[in-house]
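Participant: One structure coming up, written as structure tokens, with questions to follow.
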Amino acid sequence: MSIRQAVSVAFFAAFLPTVVAAEEAVQIGGAYALLNKPASPQAAVILIPGGDGRMEIRPDGSFGSLRGNQLVRTRQAYLGYGVATLTIDLGVNVGAAVEYMRKIAPKVTIVGTSRGTLRAANGLSAHPSGLVLTAAFLPDVRARVGSASALPPTLVVQHRKDSCRHTLPGNVEPFQAWGGSKVKVTWMDGGVNVGDPCEAKAYHGFNGLDGQVVSAVAGFAKSVK
């Protein structure tokens with residue numbers, strides 16, 4: 001290697017991200033989840049996809065469904081923020097997932113999108129540090145939680161033009177009024193809208209806005225006490 005090549009290698013190495021472990025499938029209560037962990041996690045998030053929640057994760061880390069779901073397709077982007085992610089299949093108990101991730105980082109936030117927000121609400125008995133609801137079934141989440149006193153610090157991420165009948169923007173203000181100071185809202189606009197209004201390629205799935213969603217969620221996860 002020439003001196004010029006050595007200098008070039010050293011220069012680019014200085015700007016490489018901290019080495020992270022490769023994605024791995026971990027078993028929690030008989031079902032699998034995908035773990036992505038930076039070298040020194042500052043926080044952790046549990047990602048709960050929408051739809052039927054069934055990813056069909058196999059022991060080798062491959063999976064057969066929900067690849068386009070917003071949380072699934074961005075699960076590794078959180079590493080750039082120093083945040084570990086656990087993307088859970090349908091059979092994983094959310095509370096057990098919270099306990100698992102507490103061994104990795106002191107702050108654990110549950111993140112659900114679309115129908116996955118209903119499962120997210122079911123995990124609050126594990127007392128996570130925070131809760132993020134993206135394109136959420138807000139009236140149903142409220143009914144499941146019961147009392148706003150049971151909410152941890154909560155972030156709602158909503159697209160202004162989401163036209164899915166279950167996750168309309170008009171649901172946000174009543175939910176925020178119910179949750180009071182515990183609830184913050186981040187509004188998204190723009191992006192790409194294609195096909196079924198309740199699917200991942202529509203505004204509902206934040207199509208074209210992945211970077212903004214990840215930034216908002218990661219920042220919140222690191223900010224909670």
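Participant: Here's a check for you: in segment 176-197, which residue that is in contact with a Lys or Arg (Cβ under 6 Å, 6 or more places away or on another chain) and closer than 17 Å to A216 by Cβ is surrounded by the fewest Cβ atoms within 10 Å (Cβ to Cβ)?
Facilitator: D189
Participant: Next question, about the same structure. Here are some residues: V98, V45, V83. Which one is within 14 Å of the chain's Cα centre (by Cα), surrounded by 22 or more Cβ atoms within 10 Å (Cβ to Cβ) and either over 25 Å from N207 (Cα atoms) or free of Cβ contacts under 8 Å to residues at least 12 places away in the same chain (or both)?
Facilitator: Step by step, each of V98, V45, V83 is checked, and only V98 is within 14 Å of the chain's Cα centre (by Cα), surrounded by 22 or more Cβ atoms within 10 Å (Cβ to Cβ) and either over 25 Å from N207 (Cα atoms) or free of Cβ contacts under 8 Å to residues at least 12 places away in the same chain (or both).
Participant: If you go through segment 140-160, how many residues are within 22 Å of G51 (Cβ to Cβ) and surrounded by fewer than 15 Cβ atoms within 10 Å (Cβ to Cβ)?
Facilitator: Qualifying residue count for the region: 1.
Participant: Right, something else. For segment 37-82, what are the residues that are out of contact with any helix residue (DSSP H, G or I) (no Cβ under 6 Å at 6 or more places or on another chain) and closer than 17 Å to A218 by Cβ?
Facilitator: Passing the criteria: K37, A39, S40, P41, L71, V72, R73, R75, Q76, L79, G80, G82.
Participant: Also, quick follow-up: List the helices (runs of 4 or more DSSP H) that sit entirely inside segment 98-208 and contain at least 2 residues that are of a type in the set (S, T, N, Q).
Facilitator: Of the helices (runs of 4 or more DSSP H) lying wholly inside segment 98-208, those with at least 2 residues that are of a type in the set (S, T, N, Q) span 116-122.
Participant: When the residues of segment 48-80 are filtered to those that are surrounded by 21 or more Cβ atoms within 10 Å (Cβ to Cβ) and among the polar types (S, T, N, Q), which remaining residue is farthest from V224 (Cα to Cα)?
Facilitator: Among those that are surrounded by 21 or more Cβ atoms within 10 Å (Cβ to Cβ) and among the polar types (S, T, N, Q), it is N69.
Readers should treat all values here as calculations from the given coordinates under stated rules, not as data from a laboratory. Given the structure is predicted, the values throughout are model-derived calculations rather than measurements. Quick reminder, even Gly has a Cβ in these numbers, built from the backbone with ideal geometry, and neighbours come from all protein chains shown.
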